[in-house]
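The values are calculated or read from the model by the stated rules, or taken from the named source; none is laboratory data. Owing to the predicted nature of the structure, the values given are computational and were not obtained by experimental measurement. So basically every Cβ, Gly included, is an ideal-geometry build from the backbone, and we count neighbours across all protein chains shown.
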Amino acid sequence: MRLILIVFLMQANFILADIFRYQDDTGAISFSDQAVENSTKIELPEKEYRYKHYVKRVYDGDTIILQNNVRVRLLGINTPEIESRHRQGEEGGVTAKEWLKNKLSQGAVYLEYDQQKKDKYGRALAHLFLENDEHINETMVRSGLASSNIIPPNLGYVDELVEAEHKAQQLKIGIWAMKSYQALSVKKLSKKNKLSGWHRFLATPVDIVETRKYVRLVLTDKVDIRIPKDNRYLFPDLASYIGKSLEVRGWASRKKAHYSILIRHPSALVLL
């Protein structure tokens, strides 16, 4: 009976169902994912589960394809792009991809999911582990192969990823030693300087403006940081950034002559 219960609970936890215990008049005990009269909900212990899969192909430094053809985007990190018909290659992109291919050459990986399990492109979102418990996402950041890229509600391993990034930057390894990723003034964002991809920008917020969906830290008359209001609770008082020198990490998008850098987590705003 105990073995059956354990198996049932494991299966139920996998599909995130509630489990109910029911004892009938004869004393027989049964379990179900449906509540019935006089049943009791079982509180399952919170536990992260990892699921074993085999890798079919490494697409790039932060994306793999499993044997079942599911495409997996590694959570909490970003690696430079590799050249394709859709985009230009970025410095460090091939290095990150080749490192990941070599690391996953045995094929077996363990996926650990967070709150949001798929992105808008339909890719699975996961932390990647090897059988020896090595956290691939963190290793790539610690090695300077990737930058951290925290997107709520997926906040697992945030402290580990941010600390790994800090150490890599201190040691000036990987992308932190590359000319392409040295910090530059937001004044570089202009029609004459068409910057694309992930960058580090130096700026000082001068004002705060609120719109329906965003709180914006104004950097210049042509550039701002936009923070989704849904993510505002993660940040300190935004007024504390005013007048402070910042390094802003992310992607700048342009609408006409105005640029905006979308920031979802405070780890992308570094006080200097």
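For segment 94-105, taking the residues that are out of contact with any helix residue (DSSP H, G or I) (no Cβ under 9 Å at 6 or more places or on another chain) and touching a residue at least 24 places away in the same chain (Cβ under 8 Å), the one that is farthest from Lys194 (Cα to Cα) is identified as Lys101. So in segment 216-272, with the set limited to residues that are β-branched (Val, Ile, Thr) and under 23 Å from Gly76 (Cβ atoms), which one is nearest to the chain's Cα centre (by Cα)? Looking at residues that are β-branched (Val, Ile, Thr) and under 23 Å from Gly76 (Cβ atoms), I get Ile263. Among the numbered conditions (1) surrounded by 16 or more Cβ atoms within 10 Å (Cβ to Cβ); (2) modelled with pLDDT under 95; (3) not in a strand (DSSP E or B), the only one that Arg254 does not meet is (3).
Of Ala124, Ala146, which residue is under 13 Å from the mean Cα position of the chain (by Cα), within 18 Å of Asn69 (Cα to Cα), surrounded by 17 or more Cβ atoms within 10 Å (Cβ to Cβ) and of a type in the set (Gly, Ala, Ser)? Ala124 is the lone residue from the list that is under 13 Å from the mean Cα position of the chain (by Cα), within 18 Å of Asn69 (Cα to Cα), surrounded by 17 or more Cβ atoms within 10 Å (Cβ to Cβ) and of a type in the set (Gly, Ala, Ser). Residues in segment 211-234 that are touching a helix residue (DSSP H, G or I) at 6+ places or on another chain (Cβ under 9 Å) and closer than 23 Å to Lys187 by Cα: Tyr214, Val215, Leu217, Leu219, Thr220, Lys222, Val223, Ile225, Ile227.
Picking from residues in segment 184-215 that are exposed (fewer than 14 other Cβ atoms within 10 Å of the Cβ) and in contact (Cβ under 8 Å) with a residue 60 or more places away in the chain, the one that is farthest from the chain's Cα centre (by Cα) is Lys191. Scanning segment 230-272 for residues that are touching a residue at least 60 places away in the same chain (Cβ under 8 Å) and under 13 Å from Pro205 (Cβ atoms) yields Glu247, Val248, Ile261, Leu272.
Residues checked against (1) aliphatic (A, V, I, L, M); (2) farther than 29 Å from Tyr181 by Cα:
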position	(1), (2)
Arg50	no, yes
His53	no, yes
Tyr59	no, no
Ile64	yes, no
Pro80	no, no
Ser148	no, no
Leu155	yes, no
Glu160	no, no
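Say we look at segment 129-143 and pick out the residues that are more than 21 Å from Ile175 (Cα to Cα) and either among the charged types (D, E, K, R) or touching a residue at least 24 places away in the same chain (Cβ under 8 Å) (or both); which of these is surrounded by the most Cβ atoms within 10 Å (Cβ to Cβ)? Step by step, filter segment 129-143, then rank; the result is Phe129. Summed over segment 72-93, residues that are touching a residue at least 24 places away in the same chain (Cβ under 8 Å) and in contact with a helix residue (DSSP H, G or I) (Cβ under 9 Å, 6 or more places away or on another chain) total 10. What about Ile82, is it in a loop (DSSP other than H, G, I, E, B), of a type in the set (Val, Ile, Thr) and in the same structural domain as His135 (by TED's automatic domain parsing)? Judged against the criteria, Ile82 is a match. Count of segment 45-79 residues, restricted to those that are assigned to a loop (DSSP other than H, G, I, E, B), of a type outside the set (A, V, I, L, M, F, W, C) and surrounded by fewer than 18 Cβ atoms within 10 Å (Cβ to Cβ), is 8.
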